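Each remark here refers to the structure printed beneath this line.
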Amino acid sequence: MQDKALALIGAEVGEGASDPGCKWGARALRERGLAEFLARPERPAGWSSMVRARSAQSAAERLDAVAAFSSRLAQAVTRALRRGDLPVVIGGDHSCAVGTWSAVAQAHRPGGPIGLIWVDAHLDAHTPATSHTQAPHGMPVAALLGHGASALAGLYGWLGKIRPEHLVIVGARSYEAGEKALLERLGVRIMYMPEVQRRGFGACMEEAMQRVRRATSAWGLSFDLDALDPVDAPGTGTPVESGIGLQAALDALRDCARQPGCAALELVEYNPAHDVDGRTALASFALLDAATPSSTAPLQRLVA
Ligand SMILES: NC(=[NH2+])NCCC[C@H](N)C(=O)O
Ligand SMILES: [Mn+2]
């Protein structure tokens, strides 16, 4: 099997977050050599685009900036999909998920709906009516489900890029009542952190993979680094105690991009200003490396 080339796409957006430092997350990982680290002779990896949001101040401006950014990011993702590459979107704050998954849903629409695994400490399912912060990175899940700000939810002129039964959220441990109520009303499967601790992240991810592949044409993974324990990934703007251990995440993500139907990956919320000894950058490298193996085994690579 020929592996798809990895099209790294930098989502330079921090306007969606209360702390905008993650705007420079993709650039920092690029400068550290992420593409070179992931590239294999038989499976190229390279930066195909860097998309930058315009800066914004007030809540209304920030929502506008994120909406304009989303459609430009969606175009970059669409180009990668058309080339037959695997888009790997590197955030940036989590509002970039609106652009990424709207593009994937639009591209796969003729074949059927897409599934999405959302690994995150948060639910990110606010609408402007329920959000206490008005931060757009707390809203992408609602937008993808077709709720809330129409500037985000209505990309490509249709609502409901992800159906509730095709979405699984894993690792949630910090959320507000309004977003939880929306997801529960819609029947979204949420694996809160106590369940992840009880069953193990690996078992949870296996169930999540099965769910997102059921009756869908493709599926993807959106991984927020704040899902990890802050000890392993301190470099995020909204860290939450008692998260997923890095080793467990690496084990569970191994080979994930080679599972049938995997359409795109996304890794978000790396905030270099908060990193400690490059620990979160290293975690990002390791997670992406685990998730995107090439078909050639390491040993074969050595003797080749
Ligand atoms: N993608 C994230 N880190 N989201 C954090 C959201 C935090 C909080 N629930 C809010 O809406 O402001
Ligand atoms: Mn998030």
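List the aspartates and glutamates whose Cα lies under 12 Å from the Cα of Lys23, skipping any in the same chain that are fewer than 8 positions away. Partners found: Glu12, Glu15, Asp93, Glu269. For the chain, a crude dipole built from +1 on the beta carbon of Lys and Arg and -1 on the beta carbon of Asp and Glu, taken about the Cα centre, is about 1100 debye to the nearest 20. Can you tell me how the stretch 170-304 classifies by the Cα gyration tensor, rounded, prolate or oblate, using a/c under 1.5 as the rounded cut? Because a/c hits 1.5 or more and a/b fails to exceed b/c, the stretch 170-304 counts as oblate. For the chain, the share of accessible area belonging to carbon and sulfur comes to 52 percent (1.4 Å probe, ligands and nucleic acids excluded). The GluC sites (Glu not before Pro) found in the stretch 1-93 that occupy coil by DSSP, while having at most 16 further C-beta atoms within 10 Å, are Glu42. Arg54: net charge of surrounding residues, Cβ under 12 Å, Lys/Arg +1, Asp/Glu -1, itself excluded? Taking every Cβ under 12 Å from that of Arg54, the sum is 0. For the chain, the longest principal axis of the alpha carbon atoms and the long axis of helix 97-108 meet at an angle near 70°.
For Gly112, the shell of other residues with beta-carbons less than 13 Å away shows a net charge of +4, using +1 for Lys and Arg and -1 for Asp and Glu.
For the stretch 137-216, trypsin sites (Lys or Arg not before Pro) are listed when DSSP marks them as loop and at most 13 other Cβ atoms sit within 10 Å of their Cβ; the list is Arg214.
How big is the gap, in Å, between the Cα center of the stretch 11-69 and the Cα center of the stretch 144-164? Computed from Cα coordinates, the inter-centre distance equals 22 Å. Scaled against the 2.2 N^0.38 Å expected of a compact globular protein of N residues, the Cα radius of gyration of the chain reads 0.90. Spacing of the modelled spin labels on Val231 and Gln247, each 7 Å from Cα toward Cβ, amounts to 1.1 nm.
In this rough spin-label picture, where each label sits 7 Å from Cα along the Cβ direction, the Glu61-Arg40 distance is 4.6 nm. The GluC sites (Glu not before Pro) found in the stretch 141-244 that occupy coil by DSSP, while having at most 14 further C-beta atoms within 10 Å, are Glu241. Which FRET efficiency value, to the nearest 0.05, is calculated for Thr133 and Ala215 with the Förster distance at 45 angstrom and r the Cβ-Cβ distance? Efficiency for this residue pair is about 0.80.
Surface analysis of the chain yields an accessible area of 39 Å² per residue, using protein heavy atoms and a 1.4 Å probe.
FRET efficiency for the pair Arg27 and Ala68, taken as 1/(1 + (r/R0)^6) with r the Cβ-Cβ distance and R0 = 22 Å, rounds to 0.65. In the chain, the longest principal axis of the Cα atoms and the axis of helix 59-83 are about 30 degrees apart.
The values are calculated or read from the model by the stated rules, or taken from the named source; none is laboratory data. Note that the structure is a prediction, hence the values are computed from the model and not measured. No Cβ is skipped: glycine too gets one built from the backbone with ideal geometry, and neighbour counts run over all protein chains shown. The protein model used for the area step is the full one, side chains on, heavy atoms only, and it has no ligands, DNA or RNA in it. Shrake-Rupley method; radii C 1.70, N 1.55, O 1.52, S 1.80 Å.
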